[in-house]
Amino acid sequence: MKRGKLYFAVATVCCLVILLSLGVVGAAKKIVVGFSQVGAESAWRTANTESIISEAKKRGIELKFSDAQQKQENQIKAIRSFIAQKVDVIGFSPVVETGWEPVLREAKRAKIPVILSDRAVDSKDTSLWVTFMGSDFVEEGRRAGKWLAEKMKGKANIVELQGTVGSAPAIDRKEGFEEIIKSYPNMKVIKSQSGDFTRSKGKEVMEAFLKAEGKNIDALFAHNDDMAIGAIQAIEEYGLKPGKDIIIVSIDAVRGAFEAMIEGKLNCTVECSPLLGPQFFDAVEAIMAKKPLPKRIVTKEGIFPQEVAKEVLPTRKY
Ligand code: GZL
């Protein structure tokens with residue numbers, strides 16, 4: 001009898017040692033997440049990256065982070081690499097809406113759940129991702145349109161600096177803005193072109209608008225603050241007063257926009273929060289705990305006209 005008990009004890013210890021070495025018991029296995037970021041094109045993106053990286057660190061989650069420099073092929077490569085490394089969850093902000101199905105099918109075959117952060121994918125196969133979290137860009141466009149219509153009393157020749165061609169924010173912000181101004185026969189978009197969400201391109205395209213339309217321009221709608229800030233430089237170099245000769249509304253509500261409003265050079269910014277880190281990793285931990293998630297998680301946002309800029313700036317986190 002005694003020999004039997006001894007054998008049982010030895011076998012139990014051996015099993016425990018094997019399970020411990022496999023990380024099945026004892027210390028919980030560290031979660032590993034692969035995240036493919038659009039790039040570093042704007043102050044918004046920098047704040048978004050900081051939010052993702054700092055939140056992973058705070059939660060002790062291993063983050064494999066890749067910057068795609070606004071190129072879809074780089075994001076596809078990064079996602080394939082995450083699949084090869086067998087990460088637990090893949091997250092990414094798709095630089096454009098289309099062209100993702102093949103690589104997302106590979107992730108699905110590898111049984112790696114995908115979270116869309118910030119921007120959407122345009123695909124009928126919604127099984128390719130667990131959830132899409134981010135702003136309602138159409139509503140942001142509507143808010144910009146409503147504010148401008150009121151400010152201009154329903155009459156303006158408008159130039160538009162669009163975001164990255166084919167990206168969800170550019171497509172949807174344009175849609176929302178047009179939905180509003182179509183009710184105002186005397187509000188017309190006389191020029192519209194992509195500034196790719198960057199300050200430099202926003203300045204360059206605004207210079208071309210001014211060359212073609214000059215004093216005929218009453219207002220600028222920029223799909224993000226970085227392009228608006230670039231356009232402000234172009235307007236000043238052209239000899240006009242931004243915020244006075246040309247009324248400007250943009251989107252993101254980054255620190256630079258508040259500073260420009262306090263200087264009287266920008267008139268309104270619509271909030272688009274980049275602080276998605278906590279929400280993103282809540283979703284990661286829910287997936288790991290096999291908890292259900294809604295297909296769509298919308299970030300709550302506001303609008304900031306020039307009049308409140310000074311009082312609100314100290315409270316801003318990005
Ligand atoms: C919006 C985000 C956009 C920002 C830009 O959620 O995708 O990309 O508006 C950024 O500033 O470049």
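The values are calculated or read from the model by the stated rules, or taken from the named source; none is laboratory data. These figures come from a predicted structure and were not determined experimentally. So basically every Cβ, Gly included, is an ideal-geometry build from the backbone, and we count neighbours across all protein chains shown. To get the accessible areas, we keep the full protein, side chains included, count just its heavy atoms, and leave off ligands, DNA and RNA. Shrake-Rupley method; radii C 1.70, N 1.55, O 1.52, S 1.80 Å.
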* Structure fact -> Under the 7 Å Cα-to-Cβ spin-label approximation, LYS211 and ILE53 lie apart by a distance in nanometres of 3.7
* Along each of its three principal axes, how wide is the spread of alpha-carbon positions in the stretch 137-272, in whole angstrom units, largest first? -> 32, 28, 27
* Binned Cα-Cα distances of the stretch 93-184, short to long, each 10 Å bin given as a whole percent -> 16, 38, 24, 15, 6, 1
* Regarding the chain, what are the three Cα extents along the principal axes, ordered largest first, in Å? -> 100, 41, 31
* So what's the gap between the Cα centers of the stretch 241-278 and the stretch 115-151, to the nearest angstrom? -> 19
* Mark the label point 7 Å from the Cα of TYR318 along Cα→Cβ and return the residues of the stretch 73-100 whose backbone N is within less than 11 Å of it. => none
* What is the magnitude of the charge dipole of the stretch 96-225 about its Cα centre, with +1 placed on the Cβ of each Lys and Arg, -1 on the Cβ of each Asp and Glu, and no other charges, expressed in debye to the nearest 20? -> 220
* Structure fact -> Here the FRET efficiency for SER192 versus GLU101, based on Cβ atoms and R0 = 25 Å and rounded to 0.05, is 0.30
* To do: May I ask you to give the solvent-accessible area per residue for the stretch 137-272, in square angstrom, as obtained with a 1.4 angstrom probe?
  => 38
* If you stretched the chain out fully between LYS153 and PHE8, how much longer would it get, using 0.36 nm times the residue separation minus the C-alpha to C-alpha distance? -> 43.6 nm
* To do: May I ask you to order 253-266, 159-172, 56-69, 185-198 by the average number of other C-beta atoms within 10 Å around their residues, highest value first?
  => 159-172, 253-266, 185-198, 56-69
